[in-house]
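Notes for the one structure printed next.
Coordinate-derived values only; no laboratory data. Predicted model only: the values in this text are computed from it and were never measured. Positions of Cβ are generated from backbone atoms using ideal geometry, with glycine treated the same way; all protein chains shown enter the neighbour counts.
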Amino acid sequence: MKLNKTLSLAVVAAAIMATSCGGSGTKTETTSSTPAPAAPAQQEVSPEERHKDNPDFAAGLALVKQSDCPSCHMVDRKIVGPAYNDVSEKYELTDENVELLASHVINGNVGVWGEIPMPAHPTLSKEDAELMVKYVLLLKK
């Protein structure tokens, strides 16, 4: 009888251990957590997209395109004069800078970007020159 009690206790203990440790005889699935996919790199928005609702940007761009500006300037690269992006990095968009740079466009200038002079554009109105300058300064990243 003592052997039966001991054997019964051993069986009960084994059953308790098996169920408490997950060994119920059925397979349990383990799930490994996979890292969330990395957020897609934020694409740089073009200045045209960034300023699509800005009438000064659109008007200035149109004026620049129909002028002789592209023969000496590009947005991203220096040709004869500085790249527009370089100008926008150097000057903040303030009324004073717009007025100063518009006067450089109308009257010509030399010495700020080197010794090659920027020719004068005396037939250009002050308002148009200011719109063109605003377009350039709005290119700032």
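Residue by residue through the stretch 49-57, what is 3J(HN,Hα) from phi via Karplus (6.51 cos²θ - 1.76 cosθ + 1.60, θ = phi - 60°)? Round to whole Hz and write x for glycine and proline.
With coefficients 6.51, -1.76 and 1.60, one gets 6, 4, 10, 4, 9, 9, x, 5, 5 Hz.
Cα-Cα over 18 Å: which of K52/K140; K78/K140; K52/K90; K90/K140; K52/K134; K52/K126?
K52/K90; K52/K126
Please give the peptides 63-69, 96-102 ranked by average Cβ packing (other Cβ atoms within 10 Å per residue), highest first, as a rough proxy for protection.
96-102, 63-69
Any chance you could check the Cα centroid distance between the stretch 52-72 and the stretch 108-141 for me, in angstrom?
When both Cα centres are located, 12 Å separates them.
Per-residue HN-Hα couplings for the stretch 66-79, Karplus 6.51 cos²θ - 1.76 cosθ + 1.60 at θ = phi - 60°, whole Hz, x for Gly and Pro?
Rounded to whole hertz, the list is 8, 9, 8, 3, x, 6, 10, 10, 10, 5, 9, 9, 6, 10.
Report ³J(HN,Hα) in whole Hz for each residue of the stretch 83-100, in order, from the Karplus equation J = 6.51 cos²θ - 1.76 cosθ + 1.60 where θ = phi - 60°; Gly and Pro get x.
3J(HN,Hα) across the stretch 83-100, in whole Hz: 5, 4, 4, 5, 5, 5, 6, 7, 10, 6, 7, 10, 4, 5, 5, 4, 5, 4.
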